[in-house]
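The values are calculated or read from the model by the stated rules, or taken from the named source; none is laboratory data. A quick note: this is a predicted structure, and the numbers were derived from the prediction, not measured. Every residue, glycine among them, receives a Cβ derived from its backbone with ideal geometry; neighbour counts consider all protein chains shown. What goes into the accessible areas is simple: the full protein's heavy atoms, side chains included, and nothing from ligands, DNA or RNA. Shrake-Rupley method; radii C 1.70, N 1.55, O 1.52, S 1.80 Å.
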Amino acid sequence: MAPIRISLISLFFTLILLACGGSEETKSSTDINSPRAELPVTILYTGTAEPEEKEMIINDKEAPEGMIAINGGNVRIGSEEGFDHERPLFWARVKPYFLDKSPVTVAQFREFVEATGYKTEAEEFGNAGVIHESTGKNWILKDGANWRYPMGPDFPAANDDHPVTQVSWRDAMAYAQWAGKRLPHEIEWEHAARNAENSRSIYPWGDSLSTSLGFKANVWNGIFPEFNRVEDGFSETSPVGQYGETPIGLTDMSGNVWEWCLNYKFDYRALIIDDFPGGMDQEKAQRGGSFLCEPTWCHGYRVSGRSSSTPETSLFHIGFRCLKEID
């Protein structure tokens, strides 16, 4: 098991550095190898044409504590200015739902562990992925790195108000099930990042990483991995909400940590072209970018930015947030 995992994580590290009109009825396909089979009930349509129904679907339900009510409506997924895996653009129509205001924190994950006795995959394996000055600016599987000590036991413990990291996709799924929620699909995530109104800005708040008031996200300020000026105040994770809210009240939708999504990463053409061969990776999708992202390697903190990794992978810059469907 361990050699396979090391090989998969090494492949992921290489890939992330290199990359740092459809059917009217989306769910008509029953091919389990199609991304259409993974679409949740909240996604009513995907296709090349904008849906005939254009009205926003207002979410007038009271949001659970710590969550934001996301309106439904139409959203165009992707970007012509992004990487190849962000094209072709396609339309989706989405029902309302609730989304965690912020990524799940260390304190929230600890509550889950204490209530269930859950042991993460990093703890089972005995190591997890880290890159740092202390690792020679190379990715390594560091012994003892886990959600409690994301950079290893020779570094301080994770702060309670920071996003939990070193959690695999399976760990995130376990937490979500315990919390009575689930992970968001990529389409749901991007719809929320576009402020549930198909806003077309580069970031959820606009087109600039910083304003006169300072930085809007925790990202790499320099050339990765050579140097980081840390102008935004944090070289690794930051407290959730540190950089303010999006127009609809979400935090950390750009930077801080990549966030696991429900679905396998897929080729967008597979949703809008009938009988498109394959189209699904063996890696689970991630959104939002992280404190390691910078444009010469990975401008992943753009709304349309995408990444992925295998479901058992744990890294010190990947966390998650949860979604709750409306009954």
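The table below lists the values:
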| item | result |
| --- | --- |
| Normalised alpha carbon radius of gyration of the range 169-224 [divisor 2.2 N^0.38 Å] | 1.53 |
| Exposure rank, largest accessible area first [Glu50, Glu111; 1.4 Å] | Glu111, Glu50 |
| Computed FRET value (nearest 0.05) for Arg76 with Glu38, which takes r as the C-beta separation and R₀ as 25 Å | 0.80 |
| Radius of gyration, Dmax [the range 261-327; alpha carbons; angstrom] | 13.9, 43 |
| Inter-label distance for Ser212 and Thr135, nm, one decimal - labels placed 7 Å from Cα along Cα-to-Cβ | 4.1 nm |
| Cα-Cα pairs of the range 169-277 separated by more than 25 Å (percent) | 36 percent |
| Distance (nanometres) between label positions extended 7 Å along Cα→Cβ at Asp275 and Ala157 | 6.0 nm |
| Net lengthening on full extension, Arg200/Ile58 (0.36 nm per residue, minus Cα-Cα) | 49.1 nm |
| The range 249-327 versus the range 168-247: alpha-carbon centroid distance in Å | 11 Å |
| The range 64-173: trypsin sites (Lys or Arg not before Pro) falling in loop per DSSP and having at most 16 other Cβ within 10 Å | Lys119, Lys137 |
| The range 99-182 - Kirkwood radius from inverse mean 1/r over Cα pairs (Å) | 13.3 Å |
| Largest-first ellipsoid semi-axes for the range 48-192, taking √(5λ) over the Cα gyration tensor eigenvalues, angstrom | 35, 22, 12 |
| Where Glu245, Glu52 fall by accessible area, highest first, once all protein chains stay in place (1.4 Å) | Glu52, Glu245 |
| Length-normalised contact order for the range 212-327 - Cα pairs under 8 Å, 6+ apart - percent | 27 percent |
| Extent along principal axes [Cα atoms of the chain; Å; largest to smallest] | 57, 48, 42 |
| By accessible area with a 1.4 Å probe, ligands and nucleic acids excluded, highest first: order of Trp178, Trp205, Trp139 | Trp178, Trp205, Trp139 |
| Accessible-area composition of the chain, carbon plus sulfur, in percent [1.4 Å probe] | 51 percent |
| Residues of the range 192-327: accessible area per residue with a 1.4 Å probe, Å² | 35 Å² |
| Residues of the range 58-130: accessible area per residue with a 1.4 Å probe, Å² | 44 Å² |
| Nitroxide proxy distance, nm - points 7 Å out along Cα→Cβ at Glu231 and Glu111 | 3.7 nm |
